[in-house]
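Student: Structure provided below as structure tokens; questions to follow.
The values are calculated or read from the model by the stated rules, or taken from the named source; none is laboratory data. Every value quoted in this text rests on a predicted model; they were computed, and no experiment measured them. Here the Cβ is made from the backbone with ideal geometry for all residues, glycine too, and neighbour counts use every protein chain on show.
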Amino acid sequence: MAMPGQLMFARRLGPTARLLIWLLVGVSCVVADVRYHALDGLRSGFSLLLQPVREAMRAPTDIAAELGGFFIRHRLLQKERDALLIERAQLLTGVNAAQELARENTELRTLLQLQSRPGQQLVHAALLYQGHDWFAQRITLDQGGSAGLRSGLPVVDASGLVGQVSRVYPGSSEVTLVSSPKQLTPVMVERTGQRGLAAGSGQGRMELRYMPAQTDIRAGDRLLTSGIDRVYPAGIPVARVSRVSRSQSSPYLRVESLPLAGLERSRAVLVLVAEPQATAP
Amino acid sequence: MNVATETGSWRRILGTLILAVLLEQLPWSGWALALRPDFVLVGVLFWTLHQPARISFGAAFVLGLLTDFQDGAVFGQHAIAYVVGVYLVLFFRMRLLQFDPFRQAAQLFPVFLAVQLAVLLIGWLAVNPPAGLAMLVPVLSSTVLWYLIALFVRLWHGKGMQDRA
């Protein structure tokens with residue numbers, strides 16, 4: 001079989017050579033993705049491939065939840081209904097007040113000839129998948145570009161800001177949570193109006209950066225979006241300050257806070273789709 | 001010597017790998033997510049150990065890219081790590097096949113650890129410093145999963161395997 005001068009046994013490369021080749025391919029993938037964002041097409045491909053699978057794999061937990069719900073006692077439901085009725089009454093009074101305020105606000109705005117806030121559209125989305133949160137905290141939603149989502153839109157749940165849409169695929173989208181490292185949110189302290197920058201610090205926590213040591217801030221203060229970035233509408237609750245400490249080495253306070261939105265718990269969220277704001281003349 | 005020489009057909013290999021991918025697609029959250037073993041990695045390394053001619057670097061790389069997609073991580077992060085894992089398993093292959101399930105799992109613990117450290121290193125260099133050491137937990141759960149699988153395979157194949165192992 002073997003011709004003279006031909007190697008008889010070297011059919012394929014050894015493991016070390018193959019390892020080196022694949023490492024080279026891998027490193028070029030990392031560079032292409034991080035530096036040049038060249039692999040977004042591949043991401044969309046995977047998303048199209050996995051979307052139906054994920055939809056299907058949601059079924060087992062849904063069935064489990066159904067079965068669990070079946071055994072909730074009647075009494076518990078009655079109690080919950082009573083609590084909801086009371087809450088509804090309270091909310092209705094709040095809505096009346098808000099309508100009154102909105103009317104007054106439009107009048108004042110016309111008086112001042114200010115640009116009115118752009119119309120906002122809400123897109124309901126449900127949590128589809130949550131990945132490991134070792135380097136950046138992301139969740140996948142079941143709505144995507146076909147529902148009008150764009151990269152950069154804010155995502156909220158009933159209690160506060162969840163995060164920002166960071167990647168959009170045709171039928172799904174990825175949201176970077178507010179607690180993700182390097183995710184910055186411009187906020188203001190609700191009590192004093194002091195503006196600042198909240199950064200995610202991983203593991204479901206946030207910190208308020210660059211607060212001078214004499215700032216009036218204490219544990220329990222709520223942080224709202226300040227709206228000066230033109231990304232988040234003003235006034236969405238973001239986090240509650242949990243601890244304020246002074247460090248010897250830094251001129252700034254160390255302000256730790258906990259996000260208000262149920263980042264780990266929320267299954268249903270809203271995406272605020274605002275029309276791109278016209279720049280003021 | 002080889003547990004799955006006769007039985008490791010393409011159908012079985014693909015079936016288990018698809019099952020592993022499906023298991024990862026379940027909506028894990030909270031503690032279950034933190035403790036979730038890396039099903040795909042365990043599957044790939046298992047078949048690398050028993051069918052190195054069929055499943056090795058290429059499959060590991062592609063499945064690594066898939067894992068990268070689902071974690072929203074940088075493309076190549078898990079791919080490189082899985083390839084390193086495959087190399088280690090091929091390197092220790094003859095030795096690993098000698099052991100009973102418990103010792104085999106114990107020997108694979110450093111392999112899983114090396115894979116996870118590769119993930120950590122690449123993520124650190126490419127994206128962010130990691131948030132805590134929680135990412136080393138799946139190493140333990142993957143080892144336990146390997147033990148269970150090895151035990152299952154041995155029971156499946158009956159007593160004959162016990163004599164040899």
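Student: Name the residue that is surrounded by the fewest Cβ atoms within 10 Å (Cβ to Cβ), counting only residues in region B:96-140 that are touching an Asp or Glu at 6+ places or on another chain (Cβ under 9 Å) and away from every other protein chain (no Cβ under 12 Å).
Tutor: Result: B:VAL139.
Student: Still on this structure, please answer the following. Looking at A:ARG54, A:ARG75, A:ARG81, which is the one that is in a helix (DSSP H, G or I) and in contact with a Leu (Cβ under 7 Å, 6 or more places away or on another chain)?
Tutor: A:ARG54
Student: Shifting gears a bit: Does region A:171-195 hold any residues that are of a type outside the set (A, V, I, L, M, F, W, C) and within 19 Å of the chain's Cα centre (by Cα), and which are they?
Tutor: A:GLY171, A:SER172, A:SER173, A:GLU174, A:THR176, A:SER179, A:SER180, A:PRO181, A:LYS182, A:GLN183, A:THR185, A:PRO186
Student: Do any helices (runs of 4 or more DSSP H) lying entirely in region B:40-131 carry at least 3 residues that are under 19 Å from A:TRP22 (Cα atoms) and free of Cβ contacts under 8 Å to residues at least 40 places away in the same chain, and which ones are they?
Tutor: Fully inside region B:40-131 and qualifying: B:57-70, B:77-91, B:101-126.
Okay, residues lined up against (1) more than 20 Å from B:LEU108 (Cα to Cα); (2) in contact with a Pro (Cβ under 9 Å, 6 or more places away or on another chain); (3) among the aliphatic types (A, V, I, L, M):
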site	(1), (2), (3)
B:LEU14	yes, no, yes
B:LEU19	yes, no, yes
B:TRP31	yes, no, no
B:PRO37	no, yes, no
B:GLY43	no, no, no
B:GLN51	no, no, no
B:ALA81	no, no, yes
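Student: Can you tell which of A:LEU122, A:LEU128 is at pLDDT below 90, of a type outside the set (S, T, N, Q), in contact with an Asp or Glu (Cβ under 9 Å, 6 or more places away or on another chain) and part of a strand (DSSP E or B)?
Tutor: It is A:LEU128.
Student: Looking at region B:26-39, which of the residues that are of a type in the set (A, V, I, L, M, F, W, C) and not in a loop (DSSP other than H, G, I, E, B) is surrounded by the most Cβ atoms within 10 Å (Cβ to Cβ)?
Tutor: B:PHE39
Student: Would you be able to say whether some residue in region A:232-244 is part of a loop (DSSP other than H, G, I, E, B) and crowded, with 17+ Cβ neighbours inside 10 Å?
Tutor: Checked against the condition, which is being part of a loop (DSSP other than H, G, I, E, B) and crowded, with 17+ Cβ neighbours inside 10 Å, region A:232-244 yields at least one hit.
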